[in-house]
Every structure is written in structure tokens, then in C-alpha cells.
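Structure, as C-alpha cells:
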Amino acid sequence: MLVEAKGLTRRYGDLLAVDHLELSIGRGEVVGLLGPNGAGKTTTIRMLTGFLPASEGTVTVAGYDVRRSPVAARRHIGYMPENNPLYPEMRTAEYLAFRAELKGIARARRRRRIAKCIELCNLAGVAGQIIGALSKGYRQRVGLADAMLAEPDALILDEPTIGLDPNQVRDVRRLVRDLGERHTVLISTHILAEAEAICQRVLIIDKGRIVADDTPRALSERLLQGAVCVELQGDAPRIEETLARLPGVQNVQGEKSNGWHRFTLAAAPGADVRADVFRAAAENGWTLRELTRRRPSLEDVFRRLTLGPEPGEERRP
Amino acid sequence: MINIPVITKRELGAYFLSPIAYIVLTAFALMHGILFSLQVGPSMDLQAASRYALALPIYLLALAAPALTMRLFSEEIRSGTIETLMTAPVTETEVVLGKFLGALIFSAVMFTPIMAEIVFLRLLGPWDVGPVLSGFLGLFLLTAQILAIGLLCSALSRMQIASAIINFAILIGLYFLWILGRGQTAAWARLLRYAAPPWHYLSFTRGVVDTRDLAYYVVSTGALLFLSVRALQLRKWR
């Protein structure tokens with residue numbers, strides 16, 4: 001295991017931010033740390049990188065305890081903190097040179113590594129510019145270039161796409177995905193599509209605990225059934241009753257909007273109830289306006305795990 | 001300890017890229033020059049003039065030092081760069097010493113007008129340069145101690161202004177001890193005097209290098225730097 005946390009706990013006064021968290025990331029994995037704001041993502045990452053002392057528990061990186069041998073552990077980590085703090089008065093190349101020296105890259109290798117990272121992160125055009133004058137997208141790439149400078153085993157990126165425009169988000173994601181081919185990556189985010197696009201494994205964290213740990217696909221399949229949305233015109237209570245009786249339908253949720261009734265049917269895993277819904281509509285003479293199947297998304301998994309069941313979801317008509 | 005020069009270099013770079021550093025340099029040169037020229041006249045003996053040139057920084061330092069040290073840590077804490085800095089493979093001790101050395105070297109640049117005045121006085125006629133040499137040693141020690149106080153204040157606060165005000169208040173307090181204890185012979189007065197930074201410095205400007213004065217500066221500076229390292233390790237800034 002490259003990064004391993006055991007019983008990791010952090011208290012801020014009475015507040016338990018991270019609660020006996022267990023985590024292990026193997027070499028070569030690209031792992032997403034997902035959670036709502038305030039779930040403890042940043043606190044966890046700060047303890048993994050050794051920036052914040054843990055109240056309890058241990059973290060080892062490449063076998064080094066981050067509290068007992070912090071310098072050795074940090075040599076294996078490339079870290080980009082939340083909001084990507086940089087020195088605004090320095091120039092891009094100058095900043096990378098400072099960071100390379102600080103990270104102990106040998107003089108002979110330094111020039112080559114800086115040039116390589118500037119190339120990988122597409123920074124050649126702004127190498128001589130003052131960081132404070134760069135756009136957010138460029139600054140983010142400067143942060144990424146810094147994180148990968150020393151070719152660390154593990155890249156830890158805290159919300160690397162926050163505050164970027166859609167094009168910049170796509171660029172940064174592509175970069176992170178490329179990095180994942182050579183490095184172990186731990187990326188925190190609260191954007192689910194991001195985790196789905198980049199990560200092979202997703203850890204969902206809520207109230208300082210890991211509540212799920214699996215591939216994005218397995219998570220959505222294991223935890224949620226497929227859902228079917230249908231919009232009909234007719235006698236609402238009767239429609240609801242009929243739909244609920246269809247084979248494979250586990251629950252029905254209705255919502256009325258100017259004459260049309262919209263229902264969401266939760267189906268058993270693997271069941272496709274669309275044909276039955278159509279037949280029922282035809283038999284009863286209801287007008288059918290919409291019939292769609294929604295693949296359960298990570299969004300649903302996330303909501304389910306971090307908020308508990310939705311109100312009404314357990315209700316059966 | 002290999003990273004100290006890396007950090008010192010960046011600190012110096014940051015100084016010379018910030019307007020506040022140039023304001024401090026200019027203000028120090030102006031104030032020192034004006035106060036010096038007001039005091040020194042044709043009738044003043046050159047030895048006394050050189051001592052006066054070296055005594056002036058006592059007061060100017062109390063104004064300049066907070067401006068020089070306030071950003072050292074507060075700026076990094078506020079902007080979050082402390083996180084990238086402290087997750088690089090460096091130790092807290094290296095960071096504290098690197099920043100401290102940066103401030104000390106910058107102060108040496110700030111003191112160049114004094115050296116110019118001393119050279120000027122020496123060109124006017126012969127006098128004993130011994131006290132000037134010990135005076136510069138004392139000035140170095142006094143500056144180191146006062147910068148270490150500022151560094152500690154900066155390591156405790158995320159707000160530059162707060163760290164500067166607290167630092168200034170501490171310096172005023174320490175100088176006040178000196179003023180209270182000056183010229184008195186009672187035990188309490190000697191005790192107050194002994195705690196005050198300027199009092200130890202003055203004997204250096206008179207050409208006296210006393211190991212007690214040396215020890216006072218070395219021990220207090222070392223203790224302050226150690227506290228800064230601890231403050232940085234705790235990561236509990238306000």
C-alpha cells in the first residue's frame with residue numbers, strides 16, 4: 001500500500017471532523033475522494049500529507065509515518081492544496097525553480113524536470129509571467145506542474161477543478177487522467193461527474209467516515225435500482241395504484257403538474273418495466289407523453305449515502 | 001539544514017518585489033540621515049558622532065522591524081502557501097531559520113546608510129574605529145533579537161496588521177523597561193534594564209564586548225526562534 005491511514009481521527013474542539021477513518025491506496029490507483037462540503041475531505045487530505053497533525057491514528061506514505069519521518073514521507077507526495085495557493089509575486093518558471101530546489105531535485109535533473117512539467121501542463125506561453133497576473137486555469141496548471149515536479153509516487157489533489165470554467169475543467173481533468181497513467185492519484189471533489197470520468201475507485205466520505213468504497217459503476221449498480229419516469233394524463237390515484245401493481249415495480253412516486261401526472265417508478269435491479277407501463281396506459285386509455293429510463297447515477301448514490309433515503313422513497317401506495 | 005539558503009533566497013526575492021520593503025528602506029535612510037545631520041555639527045567630536053550614528057537605529061528598528069517581519073509567516077498563512085511550503089520535504093526549523101536569515105540580510109541592506117556615515121566621519125579625521133566595530137557586532141545582535149520577536153508574532157497570526165501591532169507593542173514595552181531602569185541603581189531598576197534589548201546594545205557602541213551582553217542576545221534570540229518553530233509545528237494560528 002502506498003498511502004495507508006489507520007484510525008485517522010481529527011477533532012476541532014468538540015467537533016469531530018474525521019472519525020476513525022480507514023483508508024488504503026495501492027500503487028497505480030486513481031482514487032476519488034467524494035463527499036459533500038464539510039464532510040471532512042480537506043481535513044483528511046491535510047492529515048494524509050502530514051500538514052495537519054491527527055488527533056488519533058496513523059498515516060504512512062510509502063512506508064514512512066508522516067508524523068515520525070515527515071520529510072521522508074513528503075518526498076513521496078506531490079500535493080496541490082485546496083484553492084491552489086501560489087506566490088503571486090513570482091514568475092511561473094521562477095516559482096517552479098524554487099519548488100524544484102525545495103523538493104531536493106538534483107541540480108542536473110532540475111532544468112529537465114521543470115522543462116518537462118512546463119510542457120506537460122502547457123505552460124510554455126506563461127513561463128515568464130507573474131503568477132498573480134495569470135488566469136485561474138493557468139494558475140491551476142502551475143499548481144499541478146508543481147505537484148508533479150519531483151515525480152512523486154502519489155499525487156494528492158484537493159478539488160483541482162474548483163472555480164474553473166468548463167473548458168478549463170476539461171483541460172485539468174484530461175491532465176489528471178494522463179497523470180493517472182504514471183502516478184497514483186488521490187483526488188478530492190464534490191463533483192460526481194468528475195470522479196466518474198477520472199477515477200477507477202471512489203471513496204465516499206460523510207461526517208468524517210468512509211461510507212462507500214468501490215468502482216463508480218459497481219457503486220451505482222449495487223446501491224440503487226434503475227428508475228423509470230413516466231408522464232400520463234388520467235385519474236391520478238388509479239394510475240398510481242395500477243403502476244404500483246406492475247411486476248418489478250418496487251415503489252411509485254407521483255407529482256402533479258397542470259393536468260399531467262408525472263411518476264417515478266423504482267424498479268428492481270435488472271428489470272425493465274417500460275413495456276408494461278405502455279401496455280397499462282393503452283389498456284386504460286391514458287395519454288402517454290413521456291417514458292424514459294434513468295440509469296442510476298453516482299449522484300443518486302451520493303444522495304442516498306450522505307442524506308439517507310429520500311423522503312417518500314420508502315412509502316408504498 | 002540544506003534548505004535554509006533556498007528559503008532565504010526566496011524571502012529576499014519577495015522583499016525586493018514588495019513595495020513595503022522599498023518604503024522601509026527609504027524611510028530608514030531618510031530618518032536616519034535627517035536625525036544624524038540634525039545632531040552632528042562642526043563642534044561635535046567625530047568619535048561621539050560615530051556613536052550617535054550607531055545609537056539611532058535603536059529607535060528606528062522599533063518602527064522598521066514590525067514592517068519587515070509581519071509578512072514572513074502571516075502572509076503565507078493567510079494566502080495558504082504555508083500548506084505547499086510545509087508539505088514540501090522541509091522541516092519547520094529550516095523554514096524558520098531561512099526566513100529569519102532573509103530578514104537579517106535585508107536589515108543589513110537597510111543599514112548601509114550608517115556605514116556610509118561612518119566612512120564619511122572617518123574621512124574627516126582620525127578617530128578610534130574599535131567601538132564602531134563592536135557597535136556593528138552589537139547592532140547585528142540587537143537586530144537579530146528584534147527580528148526574532150517579529151518572526152514569532154508573525155508565526156502566530158494570519159493577519160499581517162495584527163502581527164505588526166502586537167510586535168510593536170512588545171517592542172514598546174521592552175524599550176519602556178529600559179527607560180524606567182535607566183540611570184537608577186536600585187535592584188529592581190537593574191533588573192528592568194537587564195531585560196531591555198537597547199541597554200545591552202549601548203555597551204557595544206562604547207567599545208565594550210561583555211560576554212553577559214553576548215549571552216543575553218544569543219540566548220534570547222535562540223529561545224524566540226525555538227518558539228517560532230514550535231508555533232509553526234502547532235499550526236494553530238489565529
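A few points about this structure:
- Scan the range B:63-78 for residues that are over 12 Å from B:F168 (Cα atoms) and of a type in the set (V, I, T) and the total you get is 1.
- Options A:Q233, A:Q200, A:Q225: the member that is at pLDDT below 85 and among the polar types (S, T, N, Q): A:Q225
- Qualifying residues in the range A:140-197 (those that are closer than 12 Å to A:N84 by Cβ and β-branched (V, I, T)) - the one surrounded by the most Cβ atoms within 10 Å (Cβ to Cβ): A:V142
- Test: A:T161 is touching an Asp or Glu at 6+ places or on another chain (Cβ under 7 Å), under 22 Å from A:L96 (Cβ atoms) and among the polar types (S, T, N, Q): yes
- A:P88 being at the interface with chain B (Cβ under 10 Å from one of its Cβ atoms), more than 22 Å from the chain's Cα centre (by Cα) and farther than 24 Å from A:Q140 by Cα: no
- Listed by position, the helices (runs of 4 or more DSSP H) enclosed by the range B:75-156 that each have at least 1 residues that are within 14 Å of chain A (Cβ to nearest Cβ) and farther than 28 Å from B:S220 by Cα are B:81-86.
- When residues of the range B:147-182 are limited to those that are hydroxyl-bearing (S, T, Y) and surrounded by fewer than 24 Cβ atoms within 10 Å (Cβ to Cβ), the one farthest from B:R230 (Cα to Cα): B:Y175
- Residues satisfying the stated conditions in the range A:64-84, i.e. without any contact (Cβ under 8 Å) to a residue 24 or more places away in the chain and either in contact with a helix residue (DSSP H, G or I) (Cβ under 8 Å, 6 or more places away or on another chain) or at the interface with chain B (Cβ under 8 Å from one of its Cβ atoms) (or both): A:Y64, A:D65, A:V66, A:P70, A:V71, A:A72
- A:A93 meets each of the listed conditions (1) more than 14 Å from every other protein chain (Cβ to nearest Cβ); (2) out of contact with any strand residue (DSSP E or B) (no Cβ under 9 Å at 6 or more places or on another chain) apart from (1).
- Checked against (1) at pLDDT 95 or above; (2) farther than 20 Å from B:L227 by Cβ; (3) more than 15 Å from the chain's Cα centre (by Cα), B:V96 passes all but condition (2).
- Test: residue in the range A:51-58 that is modelled with pLDDT of 90 or more, surrounded by 15 or more Cβ atoms within 10 Å (Cβ to Cβ) and out of contact with any Lys or Arg (no Cβ under 9 Å at 6 or more places or on another chain): no
- Test: residue in the range B:185-194 that is surrounded by 17 or more Cβ atoms within 10 Å (Cβ to Cβ) and either touching a residue at least 40 places away in the same chain (Cβ under 8 Å) or in a loop (DSSP other than H, G, I, E, B) (or both): no
- Residue in the range B:44-74 that is nearest to the other protein chains (Cβ to nearest Cβ), counting only those that are hydroxyl-bearing (S, T, Y) and crowded, with 19+ Cβ neighbours inside 10 Å: B:S74
- Residue pairs whose Cβ atoms lie under 8 Å apart, separated by 6 or more positions or on different chains, with the first residue in the range A:130-157 and closer than 18 Å to A:I25 by Cα and the second charged (D, E, K, R) and in a loop (DSSP other than H, G, I, E, B), are A:P152/A:R75; A:D153/A:R27.
- Any chance B:R230 is assigned to a helix (DSSP H, G or I) and either surrounded by fewer than 19 Cβ atoms within 10 Å (Cβ to Cβ) or within 14 Å of another protein chain (Cβ to nearest Cβ) (or both): yes
- Scope the range A:96-121; condition in a helix (DSSP H, G or I), touching a helix residue (DSSP H, G or I) at 6+ places or on another chain (Cβ under 8 Å) and away from chain B (no Cβ under 13 Å); matching residues: A:R113, A:I114, A:C117, A:I118, A:L120
- Residues satisfying the stated conditions in the range A:7-59, i.e. farther than 14 Å from A:L157 by Cα and in contact with a His (Cβ under 9 Å, 6 or more places away or on another chain): A:G7, A:L8, A:T9, A:G28, A:G35, A:P36, A:N37, A:A39, A:E56, A:G57
- Single residue of A:R170, A:R182, A:R174 found to be closer than 18 Å to A:I25 by Cβ and either outside any strand (DSSP E or B) or within 11 Å of the chain's Cα centre (by Cα) (or both): A:R182
- For the range A:61-95, a tally of residues being farther than 23 Å from A:G7 by Cα and not in a loop (DSSP other than H, G, I, E, B) returns 7.
- Residue ID - farthest from A:R217 (Cα to Cα), chosen from residues in the range A:278-300 that are assigned to a helix (DSSP H, G or I) and either touching a strand residue (DSSP E or B) at 6+ places or on another chain (Cβ under 6 Å) or at pLDDT below 70 (or both): A:A281
- The set of residues from the range A:39-60 being away from chain B (no Cβ under 13 Å), of a type in the set (V, I, T) and not in a strand (DSSP E or B) comprises just one member, A:T44.
- Tally of residues being farther than 30 Å from B:D128 by Cβ, in contact with a Leu (Cβ under 7 Å, 6 or more places away or on another chain) and either of a type outside the set (A, V, I, L, M, F, W, C) or outside any helix (DSSP H, G or I) (or both) across the range B:19-74: 1
- Tabulated pairs, the range B:1-15, first at the interface with chain A (Cβ under 7 Å from one of its Cβ atoms), second part of a loop (DSSP other than H, G, I, E, B), C-beta under 6 angstrom, 6+ apart or interchain: B:N3/B:V90
The values are calculated or read from the model by the stated rules, or taken from the named source; none is laboratory data. Computed from a predicted model, the values in this text were never measured in an experiment. Please note: Cβ atoms are built from the backbone with ideal geometry, for glycine as well, and neighbour counts cover all protein chains shown.
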